[in-house]
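Trainee: Dumping the structure here so I can ask a few things about it.
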Amino acid sequence: MSELTMASKEDIPEKVQLELDAFESYMQRKTRLHSSYDVARRSVELLRTVVSTAKFKHARELMDLINVIGKRMSLAHPSESAVGNMVRRVLRIVREEHAGNAGEKEDLESKRGMLNVTSEMDDLTTVPVPIGTIRATIIEGINELLDELEASAANIAAQALEHIHSNEVIMTAGYSKTVEAFLKGAARKRKFHVIIAESAPSFQGQELGVSLAQSSIETTVITDSAVFAIMSRVNKVIIGTHTVMADGGLKALNGSRALALAANHHSVPVIVCAAMFKLSPEYLCSYDHDTFNKIVSPHDIMNFSEGKTMSKVHIQNPVFDYVPPELITIFIFNIGGNAPSYVYRLLSELYHPDDHEL
């Protein structure tokens, strides 16, 4: 980010402060994993309140305030990348609406080719735009973003019949609402068998198994250790993810990497169902696994009552795995299917380069 005068805490409206405190309280609840959709929706709704109540003279002041609040939101739970993604999407909306209201070209890609970053920042500060007009158009853009979030799972599920065929054997792991909707969407017209790795120690796979069985889908739940042995009989692997990284890799539920490696060994395609709000411009640094991951209590793995053993070992219970892009065949986004190598292009359409680092 450039050197800008950042808004102070006193600049945050009281209504926004109350909602921000409530958001931080929600994010800091001691749960293994928050719903990415709920986090994204709450983030956008909070930012909509910021835009509707904040006092600003030009677009740069509003962006400074969004940056300050966005940083606080992200720090409430650093491993939840959906928060930062939504802050970047709203910042992009502010830039686009300012450009449109200032009579500039709507195509920001061509603008970046003609103007340097400094001149664009000057425009955000000096080009006069009626506050009432830009506030209304930004809120309208944020409402469209909320509509996109709400429809994302349904749009992904609508593509299910293109990828799942009759009598196939599908393997998945854990519990993903997006994958659940995807499989149920295909089951309306196709008969297939789903094998689910239970994903210990959370055993979320069992929850998905019950849900699919209730929808008359032939379902088998297996232990995580049986994944490699059964993979040779599988036609394709379909999984969800917590985050799609900038290199096309995944920040997915623990055990996903082992599943993808087994699929790669047996030349089984790996399909990842993910909404666009999960795309992040961040990379995994080899020295920064602590920030990337989330470590929870090892109580699920080894009970604290086993005191003698516990005193002799150090146990880490990570929530996420990193799955490299070379193990992934295709992403199914709510806008269509794309290869991992195309993620960079999608990121350039979603986020402004200046906002990659909040």
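Trainee: Against the conditions (1) part of a loop (DSSP other than H, G, I, E, B); (2) modelled with pLDDT of 75 or more, where does Tyr287 fall short? Just the number, please.
Mentor: (2)
Trainee: For a quick check of your reading of the model, give me the residue pairs whose first member lies in segment 224-237 and is farther than 16 Å from Asn167 by Cα and charged (D, E, K, R), whose second is open to solvent by less than 30 Å² (accessible area, probe 1.4 Å) and not in a loop (DSSP other than H, G, I, E, B), with beta-carbon atoms closer than 9 Å and at least 6 apart or on different chains.
Mentor: What qualifies is Asp224/Ala173; Asp224/Ala197; Asp224/Gly205; Asp224/Leu259.
Trainee: Of everything in segment 169-214, what is touching a strand residue (DSSP E or B) at 6+ places or on another chain (Cβ under 7 Å) and charged (D, E, K, R)? Give them in sequence order.
Mentor: Answer for segment 169-214, where residues must be touching a strand residue (DSSP E or B) at 6+ places or on another chain (Cβ under 7 Å) and charged (D, E, K, R): just Glu198.
Trainee: What number of residues within segment 185-207 satisfy the criterion of being in a loop (DSSP other than H, G, I, E, B), open to solvent by less than 80 Å² (accessible area, probe 1.4 Å) and within 27 Å of Val296 (Cβ to Cβ)?
Mentor: Counting residues in segment 185-207 that are in a loop (DSSP other than H, G, I, E, B), open to solvent by less than 80 Å² (accessible area, probe 1.4 Å) and within 27 Å of Val296 (Cβ to Cβ) gives 5.
Trainee: Would you pick out the residues in segment 168-211 that are closer than 18 Å to Val270 by Cα and among the polar types (S, T, N, Q)?
Mentor: Thr172, Ser176, Thr178, Ser199
Trainee: If you go through segment 148-158 one residue at a time, do you hit one that is in contact (Cβ under 8 Å) with a residue 40 or more places away in the chain, surrounded by 19 or more Cβ atoms within 10 Å (Cβ to Cβ), assigned to a loop (DSSP other than H, G, I, E, B) and in contact with a strand residue (DSSP E or B) (Cβ under 8 Å, 6 or more places away or on another chain)?
Mentor: Among the residues of segment 148-158, not one is in contact (Cβ under 8 Å) with a residue 40 or more places away in the chain, surrounded by 19 or more Cβ atoms within 10 Å (Cβ to Cβ), assigned to a loop (DSSP other than H, G, I, E, B) and in contact with a strand residue (DSSP E or B) (Cβ under 8 Å, 6 or more places away or on another chain), which makes the answer no.
Trainee: Just wondering, is there one or more residues in segment 321-338 that are under 30 Å from Ser267 (Cα atoms), touching a residue at least 40 places away in the same chain (Cβ under 8 Å), in contact with a Lys or Arg (Cβ under 9 Å, 6 or more places away or on another chain) and assigned to a loop (DSSP other than H, G, I, E, B)?
Mentor: yes
Trainee: Here is a follow-up. Is segment 138-161 home to any residue that is at pLDDT below 95, closer than 18 Å to Val237 by Cβ and touching a helix residue (DSSP H, G or I) at 6+ places or on another chain (Cβ under 6 Å)?
Mentor: No: zero hits.
Trainee: With the requirement that a residue be open to solvent by less than 40 Å² (accessible area, probe 1.4 Å) and hydroxyl-bearing (Ser, Thr, Tyr), what does segment 29-52 give you?
Mentor: Correct list: Ser35, Ser36, Ser43, Thr49.
Trainee: Looking at segment 159-175 only, could you name the residues that are of a type in the set (Ser, Thr, Tyr) and open to solvent by less than 20 Å² (accessible area, probe 1.4 Å)?
Mentor: Hit for segment 159-175 is Thr172, nothing else.
Trainee: I want to confirm something. Restricting to segment 290-301 and keeping residues that are modelled with pLDDT of 70 or more and open to solvent by 40 Å² or more (accessible area, probe 1.4 Å), which single residue is nearest to the chain's Cα centre (by Cα)?
Mentor: Restricting to residues being modelled with pLDDT of 70 or more and open to solvent by 40 Å² or more (accessible area, probe 1.4 Å), the top hit is Ile295.
Trainee: Could I ask something else about it? Tell me, which strands (runs of 3 or more DSSP E) lie completely within segment 208-282 with 3 or more residues that are open to solvent by 10 Å² or more (accessible area, probe 1.4 Å)?
Mentor: Counting at least 3 such residues, we get 218-222.
Trainee: Filter segment 53-93 for residues that are small (Gly, Ala, Ser) and part of a helix (DSSP H, G or I); which is most open to solvent (accessible area, probe 1.4 Å)?
Mentor: Ranking the qualifying residues of segment 53-93, first place goes to Ser74.
The values are calculated or read from the model by the stated rules, or taken from the named source; none is laboratory data. Since this is a predicted model, take the numbers as computed values, not measurements. Quick reminder, even Gly has a Cβ in these numbers, built from the backbone with ideal geometry, and neighbours come from all protein chains shown. Surface accessibility is based on the protein's heavy atoms, side chains included, excluding ligands, DNA and RNA. Shrake-Rupley method; radii C 1.70, N 1.55, O 1.52, S 1.80 Å.
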